[in-house]
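The values are calculated or read from the model by the stated rules, or taken from the named source; none is laboratory data. Please read these numbers as outputs of a predicted model, since none were measured by experiment. Please note: Cβ atoms are built from the backbone with ideal geometry, for glycine as well, and neighbour counts cover all protein chains shown. Remember, those area values only see protein heavy atoms, side chains included, never the ligands or the DNA or RNA. Shrake-Rupley method; radii C 1.70, N 1.55, O 1.52, S 1.80 Å.
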Amino acid sequence: MSEIHSASAIEILDSRGRPTLLASCRLSDGSTGQASVPSGASTGAAEALELRDGDPNRYAGLGCLKAVANVNETIHPALSGRQFATQADLDRHLIDLDGSPNKSRLGANAILAVSLAFCRAQAAQRQLPLYAHLARMAGLQPRLPQPMINLFSGGAHAGGQVAIQDVQIVLPGASSMRRTLEVASDVFRAAAALASEQFGMRLLRADEGGLAPAFASSEAMLQSAVAAIESAGYRPGDDVALTVDVAASQFHAAGRYLIDGESLERAQMVDLLDQWARNYPVISIEDGLDEADWTGWQLLYKRLADQVMILGDDLLCTNPGRIQRAIATDTANSALLKVNQIGTLTEALEACMLAKRAGWKVVISARSGETEDDWLADLGAGWAGDYIKVGSITQSDRLAKYNRLLYLEQVDGLRLPG
Ligand code: PGA
Ligand code: ZN
């Protein structure tokens, strides 16, 4: 049993300089935990509500003082002095306290911050590293997830210079996290050199630290990624493969996909993705179609699910109900897990286990707005994610997670599978 002494929060800034929350939770025996919450830019319509102040005089309306007050003035008095045996007990209490279907009363940012801070406090109380506590909670054997590392960005993370959002690299046969990051660094340097040669540009970085030159088309991003892999001395596909976050909801309007100067019907969009998967070493396509275009997703699934990961982000929103529907209707075969899309650890774990039981791959994911907090690395290891998606290797908000994974490998002895 863990008796809560206090829950509190303050407003801090994320990697885009926008406000977010840092929460603290203190148990009666003195164990404490702190956590900060990330924030998205290409958010799914079915996400839980991130409460913002809407006051145009502070941070263009993006302030989080209402959410902070909800922690300090509503959640704290409701939790203080109460005993919770498990994370699920605490989270159920928070969900009931909110009482809305999408956490709009207290804010998913307020609720998740407390959920995570309590998790860290319980780990401290049990004298467990966070990943081990999370693994025990899930009943899973911890292991390191394979990183999907951001190389090039477009879409909402890079001013929309190209329609698609991310081209990332993955090392299918990497023996260690250490080697993965060495190779990623080689490929990133090669990509930067090629970009400055080709575009004569200063190396501007997108929200997740990826390179964002003015590519002529989405396909040019894939071509340049392959060129960077080769130029760094690796074999595309065998040594280093690609994953794509199409983030198609961002360029879908009135039933059409507006990409690279064309207006495509869903079947044509599926053809385009099929072509990419055949011509480039792409092992995963995230949000290849709009979040409401279930028919399009099913077409893509029929076409490619036996070869590539059909990965749902905006489509699924870490929502157990939506994942259940996608399993039942052959709509996807992999789930992106972003805990702030749903708002508590317990509901995110339910989503994770549903996906795993269906034989899906699970990708534990950061948001485009992150902080220096590294809990996501422990979540990826503790919940045995197949992959972890954190962004590039050039900003401290991203590196906090990669560095924690390096630590878990070299000090705690966790391993990549295979
Ligand atoms: P977001 O995007 O964090 O800006 O919503 C990340 C992603 O689409 O994977
Ligand atoms: Zn995405």
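Under the simplified labelling scheme, the Trp294-Gln161 pair shows an inter-label distance of 3.9 nm, with each label point 7 Å from Cα along Cα→Cβ. Using C-alpha pairs under 8 Å with a sequence gap of at least 6, the mean separation divided by the residue count of the chain gives a relative contact order of 20 percent. Any idea how far the Cα center of the range 259-276 sits from the one of the range 328-355, in Å? The range 259-276 and the range 328-355 have Cα centres spaced 27 Å from each other.
When shorter helices are ignored and each DSSP H run of at least 4 residues is given -39500 (n - 2.57), the per-residue value for the chain at 222 nm works out to -11500 deg cm²/dmol.
All C-alpha to C-alpha distances of the chain, sorted into 20 Å bins beginning at zero, yield P(r) values of 28, 59, 13, 0 percent in whole numbers. Taking all protein chains together and a 1.4 Å probe, the residues Glu347, Glu208 rank Glu347, Glu208 from largest to smallest accessible area. Each of Leu304, Met269, His76 was scored by the projection of its Cα onto the charge dipole of the chain, and the greatest displacement toward the positive side belongs to His76; charges sit on the C-beta of Lys, Arg, Asp and Glu. Look at where the Cα atoms of the range 283-305 and of the range 187-212 average out, and the two centres are 29 Å apart.
Taking Leu399, Leu300, Leu112 in turn, the Gaussian network model of the chain (Cα-Cα springs below 10 Å) assigns the largest fluctuation to Leu399. Over the C-alpha atoms of the range 71-126, the Rg to Rh ratio, Rh being the Kirkwood estimate, stands at 0.95. When only Cα pairs below 8 angstrom with a gap of at least 6 residues are kept, the range 13-127 shows a relative contact order of 40 percent. For the pair the range 380-418 / the range 127-147, the C-alpha centres are spaced 12 Å from each other. Counted by Cβ distance under 10 Å from Thr74, the other residues give a net charge of -1, where Lys and Arg count +1 and Asp and Glu count -1. For the residues Ser185, Ser115, Ser284, a GNM of the chain with alpha-carbon springs under 10 Å puts the largest fluctuation on Ser185. In the range 93-241, taking the dipole from charged Cβ atoms about the Cα centre, the farthest positive-side position among Ser100, Leu181, Ala206 is held by Ser100.
The residues of the range 138-410 expose, per residue, 34 Å² of accessible area to a 1.4 Å probe. Sorted largest first, the spans of the alpha carbon positions of the range 137-259 along the three principal axes are 45, 40, 23 Å. Each Lys and Arg contributes +1 and each Asp and Glu -1, all at the Cβ; summed about the Cα centre of the chain, the dipole is approximately 720 debye. The portion of the accessible surface of the chain made up by carbon and sulfur, rounded to a whole percent, is 47 (1.4 Å probe; DNA, RNA and ligands excluded).
Report the residue, chosen from Leu311, Leu349, Leu203, that carries the largest GNM mean-square fluctuation when the chain is represented by alpha-carbon nodes joined by springs under 10 Å. The residue that fluctuates most here is Leu203. Computed from the Cβ-Cβ distance with R0 of 35 Å, the FRET efficiency linking Asp29 to Gln324 stands at 0.35. At 0.36 nm per residue, minus the direct Cα-Cα distance, what do Arg18 and Glu262 gain on full extension? Give it in nm, one decimal, please. Stretched fully, the Arg18-Glu262 segment lengthens by 84.5 nm.
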